[in-house]
1. Counting just the residues of the range 59-73 that are part of a helix (DSSP H, G or I) and among the aliphatic types (A, V, I, L, M), which one comes out farthest from the chain's Cα centre (by Cα)?
2. So, restricting to helices (runs of 4 or more DSSP H) that lie completely within the range 217-260, which ones have at least 1 residues that are in contact with a Ser or Thr (Cβ under 7 Å, 6 or more places away or on another chain)?
3. Here is a check on your reading of the model: is L174 surrounded by 13 or more Cβ atoms within 10 Å (Cβ to Cβ), in a loop (DSSP other than H, G, I, E, B) and among the aliphatic types (A, V, I, L, M)?
4. Condition first: in contact (Cβ under 8 Å) with a residue 24 or more places away in the chain and not aliphatic (A, V, I, L, M). Now tell me which residues in the range 236-259 satisfy that.
5. Determine which member of the set I272, I213 is part of a helix (DSSP H, G or I) and either more than 30 Å from Q134 (Cβ to Cβ) or in contact with a Lys or Arg (Cβ under 8 Å, 6 or more places away or on another chain) (or both).
6. Using the structure shown, decide if G201 is free of Cβ contacts under 8 Å to residues at least 60 places away in the same chain, over 29 Å from M40 (Cβ atoms), assigned by TED's automatic domain parsing to the domain that holds V257 and not in a helix (DSSP H, G or I).
7. Please determine whether any residue of the range 75-93 is of a type in the set (F, W, Y) and either closer than 30 Å to V210 by Cα or part of a helix (DSSP H, G or I) (or both).
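The values are calculated or read from the model by the stated rules, or taken from the named source; none is laboratory data. Just so it is clear, the structure is predicted and the values come from calculations on it, not from any experiment. Cβ sites come from the backbone with ideal geometry, for glycine too, and all protein chains shown count toward neighbours.
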Amino acid sequence: MTDRFYNIRRFFILFVGLFILVTSVYAERIVTLAPAITEMVFTLDRGKEIVGNTTYCNYPEAAKKIRRVGGLMDINIEILVSLKPTVIILYPEAYDNIKIMEKKSTLVVIKHTSVNDIFDGIISISKVLGTESQGRETVTSIKKELESIQKKSSARKNKKIKTLIVIGRNPDNLSNMYIIGRKDFLNQLLEVAGGVNAYSGDIDYPSISVESIIAMNPDVIFELSAFNEKIEDEKVYNLWNKYHYITAVKNKKILIVKDSFWVIPGPRIAQIAVEMSNFLK
């Protein structure tokens, strides 16, 4: 009995040792150069292999404990090199800054403007990390959530709700305002949620005046600049209340968005669509 127990124990130790050896051989050293990319890698259950990310990568909680390599566009190359990454995942805008790493690392460049870009990004990352099946399952799951939201919003009796998404402006007044155009993923999520962009032009992220907003007369306003500029809620409402003849202001349909994930083109986009849909009811 003792010999049998000893043999089982020895086999178990050998098995665990072999498992550790195999997983260490195939483990990557990943650097993620955007919050959405960090989320994608964690969603694919490879977050433990991330050795570096940006100062803006704060989700999930474990992402905060990873070594920072700089911002989105001001990457510290010395830190990046010291991490000895095998895989670096980035947006096209950051490529020129780190292309010197191509000889040492696999660079995975993904786009991030549209919902399809997000899906393609998840699939591309999953292929490089050897988790393509999980990547496709993740994309299928998100698509099903969005389809469910769109089905519910389409069943409403009210028409498409004209909505303005403000992403930046002066903190003290309604000037130098930037809004979401029709090509951004937030615009697509708005349509899923039952809204329609109050802006009908062709500029991706136009700068507009209060006069332009009065002419658009949106039914709803999503205020993301409150998060970006650290503006207090009361101050936001006070600035808009001067324009009570705008339908959104008159009906108190201004949503102050302080959750940063609204501007992150990652796996939580269905959650954004849900919050949009709930406010548009």
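1. A62
2. 225-228
3. It is true that L174 is surrounded by 13 or more Cβ atoms within 10 Å (Cβ to Cβ), in a loop (DSSP other than H, G, I, E, B) and among the aliphatic types (A, V, I, L, M).
4. W240, Y243, Y245, T247, N251, K253, K258, D259
5. I213
6. yes
7. Taking every residue of the range 75-93 in turn, none turns out to be of a type in the set (F, W, Y) and either closer than 30 Å to V210 by Cα or part of a helix (DSSP H, G or I) (or both).
Here is a yes/no grid of residues against (1) surrounded by 17 or more Cβ atoms within 10 Å (Cβ to Cβ); (2) farther than 16 Å from L146 by Cα:
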| residue | (1), (2) |
| --- | --- |
| L186 | yes, no |
| Y199 | yes, yes |
| D204 | no, yes |
| E232 | no, yes |
| Y245 | no, yes |
